[in-house]
Structure formats: C-alpha cells, structure tokens
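Only one structure is covered here, and it is reproduced in the block below.
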Amino acid sequence: MSGANCSLILGALLLAARSLRLARLPAAACALAGLGMFVLMVGPDASVLRASLMGAIALASLAGGRAGRGLSFLCLAVIALLLSGPALGTSFGFLLSVLATLGIIVLGRRIMDWIPPAVPRWAVAGMAVPLSAQLLCGPVIVVLQPQFATYSLLANMLVAPLVAPVTILGTAAVPLVPLLPWLATALIGVAGLFAAGVAGIARFTAGLPGAAPPWPEGPFGLLTMVLFSVLTALAVWAAAHPAGTIRLVLAAHFKTACVLDRTLEGKSIRPGPPRRSGRGLVQPLRRGRLRVCNQNPGRNQQWPLPSRNDPRRRPPIRPPGGM
C-alpha cells in the first residue's frame, strides 16, 4: 500500500465529514479515526504505518497550502519512525516514501502555482503530484534499477483518475459485506473494472518502444538523474512562464556579451576615480568609448628619406664617353 491510497481515504473521509457540516477539528478527528480503521483492516505493518503517516502529511500540506508546516510535520514523523525502528534508516522503501512526500510538500504546491489559472485545478494536481514525487525519487530508483522509465509520468497521469474509485469503492465495500452483500458485490465489481483499466494502462505503456532504456549505474547514474530532474523542473517552469524565460535569455545574452568584451580587451573595465601612475594622473578607460594611443601629436612628420649630405649616398658614376 502506498501513501496515495491513505491520502485518498483520508481525503474522502474529510469531505464526508465536512459535508455533514462538522467543524474542522471534529472532521479531522473522524478522518483520522477512519484512517486508523483502514490501517487495521489492511494490516498494521511497518510499511502500512509509514505509508499512512506520509500520506496524511502530504494531504494536509496540499490542503492547507503551507509547505513549511507540512515540512515540519514530515521531519517529526521521520524522527519518530527512526527512533521507533532504527532499521528503517537502511530501507529503500522508507527512503522513497520520505522523498516522495518531500517532493509533494516542497514542489507540488509550487508546480501547481506555476500553471496558469485557466487550466483546471484537477488536471494540474494530477500532473503536479506525480511529477513532484518522481523528481525526487528518480535518483534513488536508478540506483536500485539502472533504467529510465520513459512513460512513468504519462502512466501516472492516466491512472490517477482510476486509482481513486478503486481505493474508495473497494474500501467502502468491506463493511457492507455482512450488512448488504448485493451492494458490496456491486461496489467490488465497479472497483474491479477500474482496476482492470489501471492494469491495461500499465501494460500498454510498458509495451511502448523505448519504455525502459538503460541508465548508467552507480554514483554517475545518480548524479546524472539528479541533473535530469533539475533540468525537468526548469523546463516546466520555462513552459509555464514564457515571458520570464525570454527575459532571462536576453539577460544571459547581455551578460555573456559583456564578459566576452572584457576578455577580448584583456582587462576589466571599471569606471572610477583617476589612478596615479609613474607618468602622473591617468584617466581610466570608460565603457562605450574607443581609445587609441596616437604617437603623432598633430603635426605632419616627414618621411625618413636620406639627405643630400648623407655620406652613405653616392652620386651615380657616369660611363666613359658620356655627356
């Protein structure tokens, strides 16, 4: 079970409690109680407890719109889990859960803010949540499995609308089995259809060409995936802010041109007060003016031709019998 399932259960319980016009504190208490029953039903294993805790923190951070508070809760949860089970420090599952929650808390809300308001919020959330989690989990995943999941983001976006019915309807059918078996059967059948859709999308994306190209192993693969994640975040920001991207490109072009000009001149051009040298006060070079060192003070200099009294110049010798 992942934190997404716990977030869906907690979110559905919160919506149901708020629809009954309960206050915020009682609604939160009812939602947490329902999440606890869900954990008991699935089985209170370490992975289930970790997923429920991380999912609750991620949902609370997204719903509240305060990444700082969610980050504080995440730090407290990580410390408490490590104190209760120090072996979690060497678990890749625990690391991936923490990184996915951290990505949703830190990057999820910011990516949603980058997208223009004209795009529906449900579509933005369906793209921002898996992308933010994948950006931080990618470097660890390539260490475990050195290959690049090309269509993982597309698959997550496609199955996002199908995961919620599977989790919510399947969970709601469990307490109805002894009370209303026919209704529970109907809910399980509908949840099974959505689950078949999830499996079909997974098989389709896995069969596409270039679905799992190899990736470098070891520290080099981890560093390259970190760089790729950073470039992906920058590309998303650039696509969401075309005007700001153009301004940054022009500013970078101007700075590059200035650096090249200074490099060609051979010295840094800095306007300031005159400096003293051996020949007295020398005015510094100013930007935008062309200074040429001219040894000619303004008078015309004669060509360095030899004079008549020059001993090196000899009269021509006339041939014998000439005039």
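The values are calculated or read from the model by the stated rules, or taken from the named source; none is laboratory data. Values in this document were obtained by computation on a predicted structure and should not be read as measured data. Backbone-built Cβ (ideal geometry, glycine too); neighbour counts: all protein chains shown.
Candidates in the stretch 116-143 are the residues that are at pLDDT below 80 and β-branched (Val, Ile, Thr); of these, the one that is surrounded by the most Cβ atoms within 10 Å (Cβ to Cβ) is Val129. For the stretch 163-183, the set of residues classified as more than 12 Å from Leu8 (Cα to Cα) and surrounded by 19 or more Cβ atoms within 10 Å (Cβ to Cβ) consists of Ala173 only. Consider the stretch 239-259 and keep the residues that are among the hydrophobic types (A, V, I, L, M, F, W, C) and at pLDDT below 85. The one that is farthest from Val129 (Cα to Cα) is Ala243.
Restricting attention to the stretch 130-139, does a residue exist that is over 30 Å from Val236 (Cβ atoms) and not small (Gly, Ala, Ser)? No, there is no match, as no residue in the stretch 130-139 is over 30 Å from Val236 (Cβ atoms) and not small (Gly, Ala, Ser). Scanning the stretch 144-153 for residues that are out of contact with any Pro (no Cβ under 8 Å at 6 or more places or on another chain), touching a residue at least 40 places away in the same chain (Cβ under 8 Å) and surrounded by fewer than 16 Cβ atoms within 10 Å (Cβ to Cβ) yields a single hit, Leu144. Within the set Gly266, Gly272, Gly197, Gly280, the sole residue that is modelled with pLDDT of 85 or more and either over 27 Å from Leu107 (Cβ atoms) or more than 26 Å from the chain's Cα centre (by Cα) (or both) turns out to be Gly197.
Residues in the stretch 49-96 that are under 18 Å from the mean Cα position of the chain (by Cα) and modelled with pLDDT of 80 or more: 1 in all.
Residues in the stretch 160-190 that are closer than 28 Å to Leu208 by Cα, hydrophobic (A, V, I, L, M, F, W, C) and modelled with pLDDT under 85: Ala160, Leu162, Val163, Ala164.
Only one entry in Ala239, Ala211, Ala191 is under 30 Å from Thr167 (Cβ atoms), out of contact with any helix residue (DSSP H, G or I) (no Cβ under 6 Å at 6 or more places or on another chain) and of a type in the set (A, V, I, L, M, F, W, C), namely Ala211.
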